[in-house]
Amino acid sequence: MTTITPPGTTGSDRTASPFEAARATGVHGASSIQTFMPGVGGLSRTHGDADGFAAYLNRFSPGNFRFRDSGVQFWQYAEPYDDWQGVYGSDAVSVFYHSGHGTMDGAGVFYAPLGAAWGGKDWIRSDEITWGNERLRYAFWSTCLSLRVHGGHSPWRTWAAHAAGMRMLFGWETVSWDVDVYGRRFWDHWNTGQSFSAAWLNSGWDGGRDQAPSACGMGATEGEAKDRVFAERTIMTAPASSNWWWWTYYDAVRSVGAPTVGANESPAEAMSVQWDDMVSLTGALGEIGATTVHGNLARVALAHERDADRRASSELSAADVTVSAQSVMSALDLPGVDTEPHLVRTQRAAGARGDGSENVAPHVAGYSVEYRQIVEGSRVITPESGYVRVHLDAAGRALSADVAVRPVRSVRTTPRLAVPVAGGGGVVPTVGALLGAAASEHPDIPSDAEPIPGSREVGLIDDGNIAVRGAHEGYLVSAGHELEKKVRVSVPLDR
């Protein structure tokens, strides 16, 4: 079976509703901050992030509110104002999305700066929040360090006393990239049949491989909480018991491929690639499993997710995991597409009884192997495209494959521009010079900032219907008050 959404459409074009009720009203709201109070460095992509999330839900139910910058204030998060007039505030809706800065202290308390002062307060702390006692069931903290799972932290530790009635929480273990893909790609992945947690984890991966998204579900029993975190994909308005908490997250990235060729060199030729539509791959995809195609993203179901082994005490080697994934890739045999293994990610899970009397230690819940598309020796380096990700359970059995590659229609190479020098000759700028110039022009990158080690990649940058040879590099930037963000600069190598 193959279900197709026309190529080129986006999550906001599809008609599948995530809501339980056919005519849901007053069920979602979003807030985002790019300009903060003095002393807190700004962000650049959070409005786009939250807009991408809210735009999809707006097709089925207009949001109660969409606050930005100075409109994002303390009262919207704290009692007794978080359900103000039954319309405004984070607990006045079933689904709330917040995109901005965040950090966490050693005691597990989460902090987020706001856009303006209200009542003398311009930050919100997790221990000032009481969620779920009115309407909120799903909260998305699209911020750094909002749902930590390492270093003695856990979602239960931070949120259990402040989220009675909640069904799910979504956030991050790590400092995240300042990009606008998370909210939009969440619904793209959901539209291929993924659960809420899988869609969140994979949309986080689409923003960058060196970050760890996390998701948590609550329930009356361990089994209910576990089922919610791995399987729930419909927005429900009924409260959940907080007797048990279960969370899952992507953890370590293990490289299984060669480093990006020429990362510190300057290619002699510019390259542009024209893509064909993904629809031409549906025959090959459908031959190995039920396939859902949403725009330029597809998912092939290889086994029932509910039958997955989600708990293993020992971890498989990267070699063993790759062997299992390679059998799927061999069966796919996608026409006009070449790939190579790139990364292995381990998915883990853990849990706790709501009263803290019982804890389930972190354990392996699955694996994902990412293959990157290669065109004439150049790898697609745009995080949200040019990949096949094979997902396996904890025993190494293939469950599904996410496909974001497209066949090559044509390739064009030309000499890179050698800027003429008066009197003759020309100079081709190096990759380092181009990236350095882009960083110096970026308003959020200090002049003395150093690139994140290992973040430079040279390859193909996807740009819709075409891809061009280019390079990108990342920077870890302080925003003050122990806040940080990751910023990526990209340059084409066509000049």
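Every read-out reported here was derived from the displayed coordinates using simple, explicitly stated rules and does not represent laboratory data. Only a predicted model underlies this, so the values are computations on that prediction, with no experimental measurement involved. Positions of Cβ are backbone-derived with ideal geometry, glycine not excepted, and every protein chain shown enters the neighbour counts.
Across the stretch 314-331, rounded Karplus estimates of 3J(HN,Hα) from the backbone phi angles (6.51 cos²θ - 1.76 cosθ + 1.60, θ = phi - 60°) give 10, 9, 6, 6, 4, 5, 5, 5, 5, 4, 5, 5, 5, 5, 5, 4, 5, 6 Hz, Gly and Pro being marked x.
Among residues other than residue 445 with Cβ under 15 Å from its Cβ, the summed charge is -2 (Lys and Arg +1, Asp and Glu -1). Scaled against 2.2 N^0.38 Å for its residue count N, the alpha carbon radius of gyration of the chain is 0.97. Cross-link partners of residue 226 among lysines, defined as those whose alpha carbon lies under 23 angstrom from its own and excluding same-chain residues fewer than eight positions apart, are absent. Between the amide H of residue 409 and those of 274, 275, 276, distances stay under 5 Å, these residues lying 5 or more places away or on another chain, with hydrogens modeled in the peptide plane.
Since only 343, 361, 304 are under comparison, the one whose Cα sits farthest along the positive direction of the charge dipole of the stretch 269-410, derived from C-beta charges on Lys, Arg, Asp and Glu, is 361. Peptides 383-396, 75-88 ranked from most to least packed by the mean count of surrounding Cβ atoms within 10 Å: 383-396, 75-88.
Express the Stokes-Einstein translational diffusion coefficient of the stretch 2-255 in µm² s⁻¹, to the nearest whole number, given a Kirkwood radius over alpha-carbon pairs, 37 °C and a viscosity of 0.692 mPa s.
In µm²/s, the coefficient rounds to 183.
Each eigenvalue of the Cα gyration tensor of the stretch 223-338, multiplied by 5 and square-rooted, gives one semi-axis; in descending order these are 35, 22, 17 Å.
Taking only C-alpha pairs under 8 Å that are 6+ residues apart, what is the relative contact order of the stretch 412-492 in percent?
Values: 106 pairs, mean separation 19.0, N = 81.
Averaging sequence separation for qualifying contacts and normalising by length gives 23 percent for the stretch 412-492.
Taking amide H as placed 1.01 Å from N in the peptide plane, the amide H of residue 463 sits under 5 Å from that of 468, each at least 5 places away or on another chain.
Each Lys and Arg Cβ is given +1 and each Asp and Glu Cβ -1; about its Cα centre, the chain then shows a dipole of about 500 debye.
Ellipticity at 222 nm from helices only: DSSP H runs of n ≥ 4 in the chain, each -39500 (n - 2.57), divided by the residue count, give -4500 deg cm²/dmol. 3J(HN,Hα) along the stretch 62-78: x, x, 5, 7, 9, 8, 9, 6, 5, x, 8, 9, 4, 4, 6, 10, 10 Hz, from the Karplus curve 6.51 cos²θ - 1.76 cosθ + 1.60 with θ = phi - 60°, whole Hz, x for Gly and Pro. Dipole magnitude for the stretch 2-255: computed about the Cα centre from +1 point charges on Lys and Arg Cβ and -1 point charges on Asp and Glu Cβ, it is near 400 debye.
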